[in-house]
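Data first, discussion second: the structure below is written as structure tokens.
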Amino acid sequence: TMASPLKVCIVGSGNWGSAIARIIGGNARSLERFATTVKMWVFEENVNGRKLSDIINTEHENVKYLPGFKLPENVVAVPTLSDAAEGADLLVFVVPHQFIRNLCDQLVGCVSARARGITLIKGIDEGPDGLKLISDIIREKMGLDVSVLMGANIANEVAAEKFCETTIGSKVLENGLLFKELLQTPNFRITVVDDADTVELCGALKRCDLQNIVAVGAGICDGLSCGDNTKAAVIRLGLMEMIAFAKLFSKDADAVSSATFLESCGVADLITTCYGGRNRRVAEAFAKTGKSIEELEKEMLNGQKLQGPATSTEVYHILQQKGLVDKFPLFTAVYQICFEGRAVGEMISCLQSHPEHL
């Protein structure tokens, strides 16, 4: 007999969570290996006086975070985390990284030890014992095998079914292949790698969200009308700082190969983010208007938080702890320009005295 179909729970329903729910819902409906009903945990909020979960379940659209795209009707929004995860065989984590510890604590006991997870979460977690990868937090708290998905993926383009590539990294290859089956479509192409170093590495970078700091730098350049050569220099020096930073907290600095960064999860992602994406757009407005990041988040993003400036704060604190601020002038300049009132024009002087050139 066929094994009973695998039940899927999506933990999170923001911009990226909703885009991925479109794919998972479609595949769960057509593939026998997965249960048709997909539960999606929604952090309940009111939108124009209605509950977001009700809107999703009646209109099949996340009007707040992914407006203009229908969700499949077999994706059911559930506002209580334990109800959403109950009986799940596959958990897809796609929430802002600062919530992951708390969510895992709530999930312990709701989920079978045989369940498998995948994280699509960017960012690193700055816990009491230093930096932790998100997958490690989930693994340690819940005892699950956790794969990682990362690549040059902008949520709205994935939702619009534009072609893109992504990478799944797995410690257990069959789990990576299972998630590939759940997530791949003709326009969302997935490569599975089982080399844990590459996974953790690309994962580290991806989840550090370092590319969003570089994108803020690129956006500031755009706002100052610096031109393409300057922006290319920002991207290249940014990549150098990303690699140097990854080496700081990789368990084995020699395992951090610069080549890995040239795969989809490194450079493609960095370039996409520096030419598209909201960190670049808001940073450009910041350089042009002189308004604060917070004001611009309200005006341009409906109050959603930008990842780049927030990550630059975490990274800056880590660099301060380690006494390495002067080795990372680009990361430091982005933080100081965004939060300490350093002049926007100093973005360029930070490039002129970059240790890469000295």
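Quick check on the range 1-122: take the gyration tensor over C-alpha atoms, sort the square-rooted eigenvalues as a ≥ b ≥ c, and tell me if it's rounded (a/c under 1.5), prolate or oblate.
Because a/c hits 1.5 or more and a/b fails to exceed b/c, the range 1-122 counts as oblate.
Where nothing but the Cβ of Lys and Arg (+1) and of Asp and Glu (-1) is charged, how large is the charge dipole of the range 6-201 around its Cα centre, in debye to the nearest 20?
Details: 20 positive and 26 negative charges, 82 e Å.
Its charge dipole is roughly 400 debye.
Which angle between 0 and 90 degrees, to the nearest 10, do you get for helix 210-223 versus the longest principal axis of the chain when only C-alpha atoms count?
Approximately 50 degrees, to the nearest ten.
Could you tell me the calculated FRET efficiency between K162 and Q320, based on Cβ-Cβ distance and R0 = 45 angstrom, to the nearest 0.05?
0.65
How high is the FRET efficiency between T58 and L248 when r is their beta carbon distance and R₀ equals 51 Å, given to the nearest 0.05?
Values: r = 48 Å, r/R0 = 0.95.
The formula returns an efficiency of 0.60 here.
Could you work out which residue, out of G219, G227, G176, moves most in a Gaussian network model of the chain, that is, has the largest mean-square fluctuation with Cα springs under 10 Å?
G227
Can you compute the charge dipole magnitude of the range 209-357 about its Cα centre, using +1 on each Lys and Arg Cβ and -1 on each Asp and Glu Cβ, nothing else charged? Give it in debye, rounded to the nearest 20.
Using Cβ point charges on Lys, Arg, Asp and Glu, the range 209-357 gives about 120 debye.
Of I348, V315, S225, which is farthest on the positive side of the dipole of the range 209-357, counting Cα position, with +1 on Lys and Arg Cβ, -1 on Asp and Glu Cβ, and the Cα centre as origin?
Sorting the options by dipole projection puts first S225.
With a point put 7 Å past each Cα toward its Cβ, work out how far V267 is from R114 in nm, to one decimal.
Going by the 7 Å Cα→Cβ label model, 4.5 nm.
Please compute the length gained on full extension between R33 and F99, using 0.36 nm multiplied by the number of residues separating them and subtracting their Cα-Cα distance.
Difference between extended and current length: 20.7 nm.
Quick one: dipole size for the chain, taken about the Cα centre, charges +1 on Lys/Arg Cβ and -1 on Asp/Glu Cβ, in debye to the nearest 20.
Charge dipole, the chain, about its Cα centre: 400 debye, nearest 20.
Pick out which of L71, L306, L178 has the largest mean-square fluctuation in a Gaussian network model of the chain, springs linking Cα atoms closer than 10 Å.
Of the options given, L178 has the highest mean-square fluctuation.
Could you list the residues of the range 4-20 with an amide nitrogen less than 19 Å from a label point located 7 Å from the Cα of S82 in the Cα-to-C-beta direction?
9-12
Can you give me the Cα centroid spacing of the range 160-186 and the range 289-316 in angstrom?
The range 160-186 and the range 289-316 have Cα centres separated by 31 Å.
State the extension gain, in nm to one decimal, for the chain segment bounded by E299 and N229, taking 0.36 nm per residue of separation less the distance between their alpha-carbons. List each step's numbers first, then the result.
Numbers: separation 70, 0.36 × 70 = 25.20 nm, distance 3.02 nm.
Full-extension gain reported as 22.2 nm.
Rounded to the nearest angstrom and ordered from largest down, what semi-axes does the equivalent ellipsoid of the chain get from its C-alpha gyration tensor (root of 5λ)?
For the chain, the semi-axes come out at 34, 23, 18 Å.
Please determine, in degrees from 0 to 90 and to the nearest 10, the orientation of helix 307-321 with respect to the longest principal axis defined by the Cα atoms of the chain, where the helix direction is its Cα long axis.
The two axes meet at around 60 degrees.
Between E45 and A3, take the C-beta separation as r, use R0 = 45 Å, and let me know the FRET efficiency to the nearest 0.05.
0.75
Label-point separation (nm) for K70 and S353, each offset 7 Å from Cα along Cα-to-Cβ?
5.9 nm
For F163, what is the net charge nearby, where nearby means another residue's Cβ is under 12 Å from its Cβ and Lys, Arg count +1, Asp, Glu -1?
Working: positive: K162, R189; negative: E157, E161, E165.
With Lys, Arg at +1 and Asp, Glu at -1, the neighbours total -1.
Add +1 for every Lys or Arg and -1 for every Asp or Glu among the other residues with Cβ under 11 Å from the Cβ of S292, and state the total.
Here the count lands on -2.
Using a Gaussian network model of the chain whose springs link C-alpha atoms within less than 10 Å, name the residue from E32, E165, E314 with the highest mean-square fluctuation.
E32
Rounded to the nearest 10 degrees, what's the angle between the helix 173-183 long axis and the longest principal axis of the chain, both from Cα atoms, 0 to 90?
80 degrees
Output the pairs from K162/K305; K247/K327; K39/K64; K122/K247; K141/K171; K291/K322 with a Cα-Cα distance over 23 Å in this structure; if there are none, say none.
With Cα atoms farther than 23 Å apart: K162/K305; K291/K322.
Just so you know, all these numbers are worked out from the coordinates, no wet-lab data involved. Keep in mind the model is a prediction, meaning the values are calculated, not measured. All Cβ positions, even for glycine, are placed from backbone atoms using ideal geometry, and neighbour counts span all protein chains on display.
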